[in-house]
Amino acid sequence: DGGITQSPKYLFRKEGQNVTLSCEQNLNHDAMYWYRQDPGQGLRLIYYSQIVNDFQKGDIAEGYSVSREKKESFPLTVTSAQKNPTAFYLCASSIGTDYGYTFGSGTRLTVV
Amino acid sequence: QQQVKQSPQSLIVQKGGISIINCAYENTAFDYFPWYQQFPGKGPALLIAIRPDVSEKKEGRFTISFNKSAKQFSLHIMDSQPGDSATYFCAPTLRGSARQLTFGSGTQLTVLP
């Protein structure tokens with residue numbers, strides 16, 4: 001079945017450490033996105049990519065980095081510069097800018 | 001940044017009742033109006049969407065009503081079921097824009113058995 005796979009589902013990180021969240025899609029979608037979700041809030045855009053080897057900052061990119069070396073993959077690194085990284089992270093993809101998104105099941109990151 | 005206001009923040013409905021969630025937006029250029037449904041621990045999923053050339057769209061128990069002049073659209077869930085208990089997000093969109101979705105803050109719906 002086509003879809004988006006995010007791994008791991010739960011992740012614990014010590015303060016001061018970088019951590020990378022995986023996002024893989026087999027939908028042949030061009031565009032991919034990373035969102036952060038905090039309790040009681042909507043989704044906030046971190047980074048997005050329309051094509052391979054190109055990506056743009058979203059609204060809350062500080063403390064995060066991404067890469068898009070393959071169409072299928074869009075990993076997100078949460079760096080030690082992110083002051084409040086504990087959150088639910090969602091990856092999404094779309095076939096183009098005129099269509100709805102397909103979301104993964106998310107990664108819950110907790111800083112301990 | 002475009003502003004999207006979603007209400008109510010939470011909603012409790014008896015089984016069989018009607019659930020109504022509203023979304024108001026400011027950007028008149030938005031041209032695609034979806035609602036997403038999210039269950040706990042899962043990613044949102046597209047539930048239903050409408051384009052601005054129609055005022056209403058119905059899919060099963062779910063209906064979108066769109067009021068272009070008021071810059072509002074709403075989600076109606078008829079005959080609400082406990083399985084509908086989830087968080088609902090509106091996400092008005094400018095098609096062709098790479099950034100696309102602007103999410104509302106979400107409405108937590110609880111349908112009592």
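Here residue B:18 meets each of (1) in contact with a Cys (Cβ under 9 Å, 6 or more places away or on another chain); (2) in contact (Cβ under 8 Å) with a residue 60 or more places away in the chain with one exception, condition (1). Restricting the search to strands (runs of 3 or more DSSP E) fully inside the range A:19-74 and requiring at least 2 residues that are over 16 Å from residue A:92 (Cβ atoms) and away from chain B (no Cβ under 13 Å) gives A:19-25. Scanning the range A:75-92 for residues that are of a type in the set (Gly, Ala, Ser) and more than 10 Å from every other protein chain (Cβ to nearest Cβ) turns up A:80, A:81, A:87.
In the set B:77, B:21, B:48, which member is touching a strand residue (DSSP E or B) at 6+ places or on another chain (Cβ under 9 Å) and either modelled with pLDDT under 95 or under 13 Å from residue A:101 (Cα atoms) (or both)? Answer to the selection: B:48. A Cβ distance below 7 Å, combined with a sequence gap of six or more or placement on separate chains, defines the contacts here; from the range B:34-53, residues that are more than 10 Å from chain A (Cβ to nearest Cβ) reach residues that are assigned to a loop (DSSP other than H, G, I, E, B) and surrounded by fewer than 17 Cβ atoms within 10 Å (Cβ to Cβ) in the pairs B:51/B:31; B:52/B:31; B:52/B:68.
I want to confirm something. Restricting to the range A:20-32 and keeping residues that are of a type outside the set (S, T, N, Q) and at pLDDT 95 or above, which single residue is surrounded by the fewest Cβ atoms within 10 Å (Cβ to Cβ)?
Taking the range A:20-32 first, the residues of a type outside the set (S, T, N, Q) are A:21, A:23-24, A:27, A:29-32.
Now restrict to residues that are at pLDDT 95 or above: A:21, A:23-24.
Values: A:21: 23, A:23: 24, A:24: 18.
Checked the range A:20-32; the qualifying residue surrounded by the fewest Cβ atoms within 10 Å (Cβ to Cβ) is A:24.
Just one of the numbered conditions (1) more than 14 Å from chain B (Cβ to nearest Cβ); (2) loosely packed, with under 15 Cβ neighbours inside 10 Å is not true of residue A:5: (1). Just to verify a result, which residue in the range A:64-86, among those that are at pLDDT below 95 and crowded, with 17+ Cβ neighbours inside 10 Å, is farthest from residue B:42 (Cα to Cα)? This residue is A:82.
Residue B:70 fulfils the conditions (1) within 13 Å of the chain's Cα centre (by Cα); (2) of a type outside the set (S, T, N, Q); (3) more than 18 Å from residue B:109 (Cα to Cα) except for a single criterion, (1).
For the range B:14-23, state whether one or more residues are touching an Asp or Glu at 6+ places or on another chain (Cβ under 8 Å), on the phi > 0 side of the Ramachandran plot and surrounded by fewer than 18 Cβ atoms within 10 Å (Cβ to Cβ). Yes; the residues of the range B:14-23 include at least one that is touching an Asp or Glu at 6+ places or on another chain (Cβ under 8 Å), on the phi > 0 side of the Ramachandran plot and surrounded by fewer than 18 Cβ atoms within 10 Å (Cβ to Cβ).
For the range B:50-107, name all the residues that are of a type in the set (A, V, I, L, M), farther than 12 Å from residue B:33 by Cα and either touching a Pro at 6+ places or on another chain (Cβ under 8 Å) or surrounded by 19 or more Cβ atoms within 10 Å (Cβ to Cβ) (or both).
From the range B:50-107, those of a type in the set (A, V, I, L, M) are B:50, B:54, B:64, B:70, B:75, B:77-78, B:86, B:91, B:94, B:98, B:101; that's our starting set.
With farther than 12 Å from residue B:33 by Cα added as a condition, the list becomes B:70, B:77-78, B:86, B:98.
Within the range B:50-107, B:77, B:86 qualify.
The values are calculated or read from the model by the stated rules, or taken from the named source; none is laboratory data. What you see is a predicted model; the values in this text were computed from it and never measured. Cβ sites come from the backbone with ideal geometry, for glycine too, and all protein chains shown count toward neighbours.
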